[in-house]
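Please treat every number below as a calculation from the coordinates, not as lab data. In this text the structure is predicted, and so the values were computed from the model without any measurement. We place every Cβ from the backbone using ideal geometry, glycine too, and count neighbours over all the protein chains shown.
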Amino acid sequence: MDGEIKDWMLTGGVTLIRTLTIKMSVNHKILRTANAPTTPPDETETSVAQALIDLENNVPELKTELRALQISAAREVDVRGGKKAIVIFVPVPQLKAFRKVQQRLTRELEKKFSDRHVVFVAQRRMLRKPTRTSRVKQKRPRNRTLTNVHEKILEDLVFPTEIVGKRTRVAVDGSKLLKVLLDSKDATSLEYKLDSFSSVYRRLTGKDVVFEFPVVQE
């Protein structure tokens, strides 16, 4: 009986250590930056972090690059037609490193989250425009303005595709619709995600946008 108890305690201890190790690894993959949530990682963030660890351990081509990379947050967004997308927010200083492997990483993550599209966005911080009564007298950096941050979100969403044009349509009721034209050479590989791009952009900015590819005249 004593032996059985010892075996049970040993097995339980190993399981506990393994669980704690996994939790520590997942938490290490999540770096809360200044503009990220202050809450503990939720189910989506934990799943994304674990997926990154799995890819780091099992995909040799990504191992070196992924080892140093972290996310700051992850959110699910509803997409038209009952679908969902996962927005993975990355620390701005790590954006360049993410982009080196982003195409391959996106494909691998969409295999793991087969019912959802995956997009990456830098966790940028916006600063409000100073008012006359504001105590802050320092000039606001251009890359912290609302307009600039929203433009960067567009670029992040469609990377590595280039934006070749933008048009804004104003309806009779005054509402605005931004039309973003993408490089037509990427139409085949990106067309399936256009609704996800629109839904994510609206969720992050509150603005309506449609993504299209220019019609090529033959």
Size of electric dipole in the stretch 29-212: Cβ of Lys, Arg +1 and of Asp, Glu -1, about Cα centre, debye, nearest 20 | 1340
So what's the gap between the Cα centers of the stretch 70-95 and the stretch 149-218, to the nearest angstrom?
-> 17
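Of the trypsin sites (Lys or Arg not before Pro) in the stretch 66-111, which ones lie in a loop per DSSP and count no more than 15 other C-beta atoms within 10 Å? Could the numbers behind the result be given before it?
Values: sites: ARG67, ARG75, ARG80, LYS83, LYS84, LYS96, ARG99, LYS100, ARG104, ARG107, LYS111; in loops: ARG80.
Within the stretch 66-111, the qualifying trypsin sites (Lys or Arg not before Pro) (loop, at most 15 other Cβ atoms within 10 Å) are ARG80.
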Tell me which residues come under 5 Å, amide H to amide H, from ALA73 once H is placed; ignore anything under 5 positions away on its chain.
-> PHE89
According to a simple spin-label model (label point 7 Å from Cα along Cα-to-Cβ), what is the distance in nm between TYR192 and GLU76?
-> 2.0
Ordered by residue, what ³J(HN,Hα) values in Hz, to whole numbers, does the stretch 105-110 give under the Karplus form 6.51 cos²θ - 1.76 cosθ + 1.60, where θ = phi - 60° and Gly and Pro are x?
-> 5, 4, 4, 5, 5, 6
Of the options VAL164, THR205, THR145, report the single residue whose Cα projects farthest towards the positive end of the charge dipole of the stretch 142-218 (beta-carbon charges: Lys, Arg +1; Asp, Glu -1).
-> THR145
Residues with amide H under 5 Å of VAL79's amide H, sequence separation 5 or more or different chain, H placed in the peptide plane at 1.01 Å from N; which?
-> LYS84, ALA85
Cut-off under 5 Å, modelled amide H: who pairs with VAL209 long-range | LEU178
How much length, in nm to one decimal, is gained on full extension between ASP173 and ASP54, taken as 0.36 nm per residue of separation minus their Cα-Cα distance?
-> 37.9 nm
Could you give log10 I(q)/I(0) at q = 0.17 Å⁻¹ for the stretch 29-212, computed by the Debye formula over C-alpha point scatterers of equal weight, without solvent?
-> -1.18
